[in-house]
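Just below is one structure, and these are the notes that go with it.
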Amino acid sequence: MFQITFTPEAIEDIRRFKKTERKQIMATLEEQLSHAPATETRNRKRLRPNQLAEWELRVGRFRVFYDIDPVNYLIKVEAVGYKEGSRLSIRGKEYEL
């Protein structure tokens, strides 16, 4: 079973959302990433090389960006943002992947 850790930036990202949204994000993280985080699914995919993270998890309109350390069984959440249409916002700024 994988342990989920957060960067300080990701913690700040999550704090920007409403309490119900935070609960939804955290519950989905536990459900989706604790056992097989490197398996692509409808809501989880490997990204093209970028500076943010290797993987993306969709949680409704929210996007969780994370890296996997398979040797130590760790998930490192790098950022959490949200999408409106085709625009991705992280920390209040539009972001291109």
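The values are calculated or read from the model by the stated rules, or taken from the named source; none is laboratory data. All of these numbers come straight from a predicted model, not from anything done at the bench. Backbone-built Cβ (ideal geometry, glycine too); neighbour counts: all protein chains shown.
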Next on the checklist: So in the stretch 50-65, with the set limited to residues that are free of Cβ contacts under 8 Å to residues at least 24 places away in the same chain and more than 17 Å from I4 (Cβ to Cβ), which one is surrounded by the most Cβ atoms within 10 Å (Cβ to Cβ)?
Outcome noted: R61
Next on the checklist: For the structure I just gave you, tell me whether S89 is surrounded by fewer than 17 Cβ atoms within 10 Å (Cβ to Cβ), polar (S, T, N, Q), in contact (Cβ under 8 Å) with a residue 12 or more places away in the chain and over 14 Å from A10 (Cβ atoms).
Outcome noted: no
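Only one of these is over 10 Å from the mean Cα position of the chain (by Cα), surrounded by fewer than 13 Cβ atoms within 10 Å (Cβ to Cβ) and part of a strand (DSSP E or B): E40, E94, E31. Name it.
E94
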Checklist entry - Is it true that L47 is crowded, with 16+ Cβ neighbours inside 10 Å and either in contact (Cβ under 8 Å) with a residue 40 or more places away in the chain or aliphatic (A, V, I, L, M) (or both)? => result no
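So that you can scan it fast, the table gives a plain yes or no per residue for (1) in a helix (DSSP H, G or I); (2) within 14 Å of the chain's Cα centre (by Cα); (3) within 11 Å of V80 (Cα to Cα); (4) at pLDDT below 95:
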position	(1), (2), (3), (4)
E9	yes, yes, yes, no
E12	yes, yes, yes, no
E21	yes, yes, no, no
Q24	yes, yes, no, no
A36	no, no, no, yes
K45	no, yes, no, no
L52	no, yes, yes, yes
Checklist entry - Does at least one position in the stretch 69-79 carry a residue that is surrounded by 12 or more Cβ atoms within 10 Å (Cβ to Cβ), free of Cβ contacts under 8 Å to residues at least 60 places away in the same chain, outside any loop (DSSP other than H, G, I, E, B) and within 11 Å of the chain's Cα centre (by Cα)? => result no
